[in-house]
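Visitor: One structure is given below, represented as structure tokens, and several questions about it will come after.
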Amino acid sequence: MSKAAIAGGIIIVIAAAGGGGYYYASQQAEQALQNRIKQIEKLAPGASLTYAGSNVSVLSKTATLTKVVFKDAKGQEYDAESVAFTPDSEDKLSKVVIEKFHTVIDGGTINIGRIDVNNFDLNSGAIVIADGKIEKIIPSKARFDLLNIQDVNFTAPDKTTGTIGQFEIKNYGLNRQSDQLIKQVNINIANIAAADKGDFLKIGKIQLDGMQFANAVQSIEHRTPPKSSPGEPKFASIDGVEAQLQGKKWALAKFEANNSKESNGDLKSRTTFNGMVINTQTNYALAPINALGYKTLDLSGSIEGNYKHDTSQWSFDPLDINVTNFGNVKASFKFNGPESLSANNPQEIVSKYALVSLKLTLQNEGLVQHLLESSAKQKGVTVEQAKATWIDYFKSDMNNSPIPLQKQGDQAIIDVLTNPKTAIMVDVQPKAPVTAISLMRKSPKEIFDALNATVKTQLPK
């Protein structure tokens, strides 16, 4: 459990203890506040809470502490300019406001301008008290309507620094549909390797709506991989991403996903993205693309997916990905398989998911021209001469190949070289659904026969 979580839990207990009838008169409320602070030290042996001043409003039932310093049993300090809390009942705080929070942990620092918590349920089981002492804090069992954290800046022990404008969670609690919002993330990553210096991550906004976030936190507590429930999040978006990670630069203008689960168990999803720009000059894996003259790759696309619960079949139609001045891929495919992968056996993707059909259309939008120009430059010939050499090569391969599918592929490439606007169409229709594991250790001919694939071309209209 994090030290910050433990400190937060203790502060909540203090606030709860000060609730109820102690607020009916100011003198009684002030005395009750002092008594409850002493009691909290008994709940957390070795911990202490000090502050410069306190005030209790009889009308609003709000208690405010100023210049607050909390020290846990290990000596870790957390301080705040002020902590104010308003009880709704003995079991609920209607409002908690913490101003200018600060702590230093393991050589790193955390500063938060303001923290707001609304309708915090103190009877949710998040704070476990045994034998008169706080035994543990269980974050997944916390329950509140709003947590809003603003103006965060931090320095990690490795000297990574960052700021977050806002982090907000609404409707948090086990089996509750939570909404999350993160804005204005700027992180400067400290790397030991000289080649990776200057790494950073910037995100304009992340939004996740309709997701059982507390359940994912519970999975982490149980040391199991967190995963979302089917059809979640109902809406997700990421805007304005710029990054350099391990020296590789990329960006994403916008990503959106809408997910739903029908009453009969069917799942529906639609995802779109645009402005995904990958810098080929800083990504060694893309060096061959960079050599063709592409300094960046600009991607956009969309995909619609459906899952039929009664037949256990996935379908994706359409899948459409476009790379500017490079090419376009359109696909539709179906496969049988379970609704979700097992967290304990990720290898089941090759054994339990069986391809039913696949249709793929590849449309050149500049790649062929770049390939021909690069080949011509390397050999010191004209583009037309390079094209003729390539056509002769694929004609020879087609004539010598014993495999029909390879012959079809060679002819398709010749068609595109002859007319770059020609589209290549791949159709895979297995006679029976086929898994990846069933194709292992098979010869190329056996694989092609099992897939029942054909390749042809379509002239531009």
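The values are calculated or read from the model by the stated rules, or taken from the named source; none is laboratory data. Small disclaimer: the values here were computed from a predicted structure and weren't measured. Heads up, the Cβs are rebuilt from the backbone with ideal geometry, glycines too, and the neighbour counts pull from every protein chain shown.
Visitor: Of these, 255, 326, which one is more than 25 Å from residue 182 (Cα to Cα), aromatic (Phe, Trp, Tyr) and either in the same structural domain as residue 340 (by TED's automatic domain parsing) or free of Cβ contacts under 8 Å to residues at least 24 places away in the same chain (or both)?
Guide: One residue alone meets the criteria, 326.
Visitor: Please determine, by comparing only the residues of the stretch 436-461 that are of a type in the set (Val, Ile, Thr) and at pLDDT 95 or above, which one is nearest to residue 384 (Cα to Cα).
Guide: Looking only at the stretch 436-461, we keep the residues that are of a type in the set (Val, Ile, Thr), and these are 437, 447, 454-455, 457.
Going one step further and asking which of them are at pLDDT 95 or above, we end up with 454-455, 457.
Numbers: 454: 29, 455: 26, 457: 22 Å.
Of everything passing the filter in the stretch 436-461, 457 is nearest to residue 384 (Cα to Cα).
Visitor: Scanning for something part of a strand (DSSP E or B), among the hydroxyl-bearing types (Ser, Thr, Tyr), in the same structural domain as residue 321 (by TED's automatic domain parsing) and at pLDDT 95 or above, does the stretch 349-363 turn up at least one residue?
Guide: As a first pass, look at the stretch 349-363 and keep what is part of a strand (DSSP E or B): 354-363.
Then keep just the ones that are among the hydroxyl-bearing types (Ser, Thr, Tyr); that gives 357, 361.
Restricting the remaining residues to those that are in the same structural domain as residue 321 (by TED's automatic domain parsing) gives 357, 361.
Okay, now just the ones that are also at pLDDT 95 or above, so 357, 361.
Yes; the residues of the stretch 349-363 include at least one that is part of a strand (DSSP E or B), among the hydroxyl-bearing types (Ser, Thr, Tyr), in the same structural domain as residue 321 (by TED's automatic domain parsing) and at pLDDT 95 or above.
Visitor: Would the stretch 396-403 turn up any residue that is assigned by TED's automatic domain parsing to the domain that holds residue 326 and under 27 Å from residue 293 (Cβ atoms)? Before the answer, list the steps.
Guide: So in the stretch 396-403, the residues assigned by TED's automatic domain parsing to the domain that holds residue 326 come out as 396-403.
Imposing the further condition that a residue be under 27 Å from residue 293 (Cβ atoms) reduces the set to 397.
There is at least one residue in the stretch 396-403 that is assigned by TED's automatic domain parsing to the domain that holds residue 326 and under 27 Å from residue 293 (Cβ atoms).
Visitor: Kindly indicate whether any position in the stretch 84-101 is in contact with a His (Cβ under 7 Å, 6 or more places away or on another chain), at pLDDT 80 or above and either surrounded by fewer than 19 Cβ atoms within 10 Å (Cβ to Cβ) or not hydrophobic (A, V, I, L, M, F, W, C) (or both). Walk me through how you get there before you give the answer.
Guide: To start, the set of residues in the stretch 84-101 that are in contact with a His (Cβ under 7 Å, 6 or more places away or on another chain) comprises none.
No: zero hits.
Visitor: Something else about it: Are any of the residues in the stretch 316-337 closer than 26 Å to residue 225 by Cβ, in a loop (DSSP other than H, G, I, E, B) and in contact with a Gly (Cβ under 8 Å, 6 or more places away or on another chain)?
Guide: For the stretch 316-337, residues closer than 26 Å to residue 225 by Cβ, in a loop (DSSP other than H, G, I, E, B) and in contact with a Gly (Cβ under 8 Å, 6 or more places away or on another chain): absent.
Visitor: Count, please, the residues in the stretch 269-309 that happen to be within 26 Å of residue 246 (Cβ to Cβ), touching an Asp or Glu at 6+ places or on another chain (Cβ under 7 Å) and aromatic (Phe, Trp, Tyr).
Guide: The qualifying residues number 0.
Visitor: Condition first: in the same structural domain as residue 47 (by TED's automatic domain parsing) and modelled with pLDDT of 95 or more. Now tell me which residues in the stretch 122-153 satisfy that.
Guide: If the condition is that a residue be in the same structural domain as residue 47 (by TED's automatic domain parsing) and modelled with pLDDT of 95 or more, then no residue fits.
Visitor: Can I ask one more? Does residue 273 satisfy the criteria of being of a type in the set (Phe, Trp, Tyr), over 30 Å from residue 319 (Cβ atoms) and assigned by TED's automatic domain parsing to the domain that holds residue 296? Give the steps one after another, and end with the answer.
Guide: On the way: of a type in the set (Phe, Trp, Tyr): yes; over 30 Å from residue 319 (Cβ atoms): no; assigned by TED's automatic domain parsing to the domain that holds residue 296: yes.
The answer is no for residue 273.
Visitor: Continuing with this model, one more query. Identify the residue in the stretch 282-294 that is in contact with a Ser or Thr (Cβ under 8 Å, 6 or more places away or on another chain) and either among the charged types (D, E, K, R) or touching a residue at least 12 places away in the same chain (Cβ under 8 Å) (or both) and, among all such residues, is farthest from residue 367 (Cα to Cα). Reasoning before the result, please.
Guide: Taking the stretch 282-294 first, the residues in contact with a Ser or Thr (Cβ under 8 Å, 6 or more places away or on another chain) are 286-287, 289-294.
Retained after the next criterion (residues that are either among the charged types (D, E, K, R) or touching a residue at least 12 places away in the same chain (Cβ under 8 Å) (or both)): 291-294.
Working: 291: 12, 292: 9, 293: 10, 294: 10 Å.
Checking each candidate, the answer is 291.
Visitor: Then there is this: Could you tell me whether any residue of the stretch 412-423 is of a type in the set (D, E, K, R), assigned to a helix (DSSP H, G or I) and modelled with pLDDT of 95 or more?
Guide: Going residue by residue through the stretch 412-423, those that are of a type in the set (D, E, K, R) are 415, 421.
Applying the additional criterion that residues be assigned to a helix (DSSP H, G or I) yields 415.
Now drop any that are not modelled with pLDDT of 95 or more, which leaves 415.
Yes, because at least one residue in the stretch 412-423 is of a type in the set (D, E, K, R), assigned to a helix (DSSP H, G or I) and modelled with pLDDT of 95 or more.
Visitor: Now, a different point. So residue 113 passes all but one of these: (1) free of Cβ contacts under 8 Å to residues at least 40 places away in the same chain; (2) not acidic (Asp, Glu); (3) not in a strand (DSSP E or B). Which condition number does it fail?
Guide: Failing condition for residue 113: (3).
Visitor: Another question, if that's okay. Go through the residues of the stretch 129-142 one by one and say whether even a single one is assigned to a strand (DSSP E or B), under 28 Å from the mean Cα position of the chain (by Cα), among the hydrophobic types (A, V, I, L, M, F, W, C) and under 23 Å from residue 95 (Cβ atoms). Even if it seems obvious, please write down each step before you answer.
Guide: Within the stretch 129-142, the subset assigned to a strand (DSSP E or B) is 129-130, 133-137.
Okay, now just the ones that are also under 28 Å from the mean Cα position of the chain (by Cα), so 137.
Subsequent filtering for residues that are among the hydrophobic types (A, V, I, L, M, F, W, C) retains 137.
Adding the requirement that they be under 23 Å from residue 95 (Cβ atoms) leaves 137.
Yes, the stretch 129-142 contains a residue that is assigned to a strand (DSSP E or B), under 28 Å from the mean Cα position of the chain (by Cα), among the hydrophobic types (A, V, I, L, M, F, W, C) and under 23 Å from residue 95 (Cβ atoms).
Visitor: Quick check on my filter: what residues within the stretch 361-377 are out of contact with any Phe, Trp or Tyr (no Cβ under 8 Å at 6 or more places or on another chain), hydrophobic (A, V, I, L, M, F, W, C) and within 21 Å of residue 455 (Cα to Cα)?
Guide: The initial filter retains those residues of the stretch 361-377 that are out of contact with any Phe, Trp or Tyr (no Cβ under 8 Å at 6 or more places or on another chain), namely 361-364, 368-369, 371, 373-374, 376-377.
Applying the additional criterion that residues be hydrophobic (A, V, I, L, M, F, W, C) yields 362, 368, 371, 376.
Correct list: 362, 368.
Visitor: Right, next: Return the total of residues in the stretch 366-394 being in contact with a helix residue (DSSP H, G or I) (Cβ under 7 Å, 6 or more places away or on another chain), in a helix (DSSP H, G or I) and surrounded by fewer than 13 Cβ atoms within 10 Å (Cβ to Cβ).
Guide: Total satisfying the criteria: 1.
Visitor: Within the stretch 213-244, work out how many residues are out of contact with any strand residue (DSSP E or B) (no Cβ under 7 Å at 6 or more places or on another chain) and not small (Gly, Ala, Ser).
Guide: Summing the residues that are out of contact with any strand residue (DSSP E or B) (no Cβ under 7 Å at 6 or more places or on another chain) and not small (Gly, Ala, Ser) in the stretch 213-244 gives 11.
Visitor: Among the residues of the stretch 403-443, what is the count of those that are more than 30 Å from residue 365 (Cα to Cα) and more than 38 Å from the chain's Cα centre (by Cα)?
Guide: 1
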